[in-house]
């Protein structure tokens, strides 16, 4: 339960594999109980005892862990930094944010003249609309 709920965002196949594992475990345990052991004397229980707060804590921790995995492996945090830190238009009153320019600020500019000779774009096969380009992103 713990590993599946904590890391389902990074490995979405985990619940299916855990289900398969649990089905195999149930079958093996059923075989052992019916053939290898004596019958257990049943005891009355009101609930699952000390495990209830542990499972609730793992469920709460799973939400935070999955949110962190999604946030740090996606493009969400750089977009939020750009949106709140750099996206205000110079001609506005400071309240209108836009994502225009995010790609230009997130990619570096490379001068085409710095390519090695074997990697430079060939003029004989380059389309005419790329002839005057001096940088690439």
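Rule-based calculations on the coordinates, nothing more; no lab input. On a predicted model such as this, the values are computed, not experimentally measured, just so you know. A quick note on method: Cβ atoms are made from the backbone with ideal geometry, for glycine too, and the neighbour counts reach across all protein chains shown.
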Starting from the stretch 2-31, keep only residues that are closer than 15 Å to residue 68 by Cα, then list their pairs with residues that are assigned to a helix (DSSP H, G or I) whose Cβ atoms are within a distance under 6 Å, requiring at least 6 positions of separation or different chains.
-> 5/62; 6/62; 6/65; 8/14; 9/66; 9/69; 9/70; 10/69
For residue 37, state whether it is out of contact with any helix residue (DSSP H, G or I) (no Cβ under 9 Å at 6 or more places or on another chain), more than 30 Å from residue 136 (Cα to Cα) and assigned to a loop (DSSP other than H, G, I, E, B).
-> yes
Among the helices (runs of 4 or more DSSP H) contained in the stretch 45-137, which hold 1 or more residues that are more than 28 Å from the chain's Cα centre (by Cα) and under 24 Å from residue 3 (Cα atoms)?
-> 51-73
